[in-house]
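Q: Mind having a look at this structure? Questions to follow.
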Amino acid sequence: MEKKQGFSLKKKDWIIIGGLLLLAGCCWLFYHFTYQPPQGQNLAVISVDGQEVLRLNLLEELDRTFSLEQDYGVPVSFQIQDHRIRFVDVTCPDHICENAGFLSMEGQSAVCMPNRTSLSIYGEEG
């Protein structure tokens, strides 16, 4: 008669799991207490075909949705909300740029390749 062996964690397994949870908690606390939202400018730069077409200071912009289709002939729309910006209503097959979500921190970017449009966030010195 064979013994059925169940899944059980040994003492070393619990120590490793505890250490990983402790490390994750320390990383979260470090980020939580050191992150500072931008104070001066938080610039959203929109480019079409590598040429800058629009530069917006997200800290001064009101919540709104706008499109580049009428002015630049590109069927791309953006939404600004709570000092963040994102792609919305894009006419491309995969919608990867929409899945990037809201961008608000320096260094973040999203690109709509079929429409040759990019969105990048720069800080005060950018």
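Rule-based calculations on the coordinates, nothing more; no lab input. The structure displayed is predicted, hence computed values, not measured ones. Cβ coordinates were reconstructed from backbone atoms using ideal geometry, including for glycine residues, and neighbour counts include every protein chain displayed.
Q: Helix 11-34 versus the longest principal axis of the chain: what is the Cα-based angle in degrees, 0 to 90, to the nearest 10?
A: That works out to roughly 30 degrees.
Q: Another question, if that's okay. I need to check one value: relative contact order of the chain, counting alpha carbon pairs closer than 8 Å and at least 6 residues apart, in percent. Walk me through the numbers before you get to the answer.
A: Numbers: 184 pairs, mean separation 27.6, N = 126.
Relative CO of the chain lands at 22 percent.
Q: Which order results if Cys92, Cys97 are arranged by neighbouring Cβ count within 10 Å, fewest first?
A: With the sparsest Cβ surroundings first, the list reads Cys92, Cys97.
Q: Who wins for biggest fluctuation among Phe87, Phe102, Phe66 in a Gaussian network model of the chain, springs between alpha carbons below 10 Å?
A: Fluctuation is largest for Phe66.
Q: Considering the alpha-carbon set of region 43-122 alone, what are its Rg and its Dmax in angstrom?
A: For region 43-122, the Cα radius of gyration and maximum Cα-Cα distance read 11.3, 33 Å.
Q: Just the isolated ones, please: cysteines in the chain lacking another cysteine beta carbon under 4.7 angstrom.
A: Cys26, Cys27, Cys92
Q: Quick one: longest stretch of the chain between exposed loop GluC sites (Glu not before Pro), exposed meaning at most 12 other C-beta atoms within 10 Å and loop per DSSP? Spell out each step's value before the answer.
A: On the way: sites that count: Glu2, Glu60, Glu124, Glu125.
By the stated rule (loop sites, at most 12 other Cβ atoms within 10 Å), 61-123.
Q: Measure off 7 Å from each Cα along the Cα-to-Cβ vector at Arg116 and Ala100, then give the distance between these two points in nanometres to one decimal.
A: Going from the Arg116 label point to the Ala100 one covers 1.7 nm.
Q: Taking the Cα centre as origin and putting +1 on Lys and Arg beta-carbons and -1 on Asp and Glu beta-carbons, what dipole magnitude results for the chain, to the nearest 20 debye? Display every interim value, and only then the final one.
A: Values: 10 positive and 16 negative charges, 239 e Å.
Result for the chain is approximately 1140 debye, rounded to the nearest 20.
Q: Hey, what number do you get for the chain at 222 nm if only DSSP H runs of n ≥ 4 count, each worth -39500 (n - 2.57), divided across all residues, to the nearest 500?
A: Details: 3 runs with 32 residues, N = 126.
So the helix-based figure for the chain works out to -7500 deg cm²/dmol.
Q: For region 50-94, what's the radius of gyration and Dmax over Cα atoms, in angstrom?
A: Just the Cα atoms of region 50-94 yield Rg and Dmax of 11.2, 33 Å.
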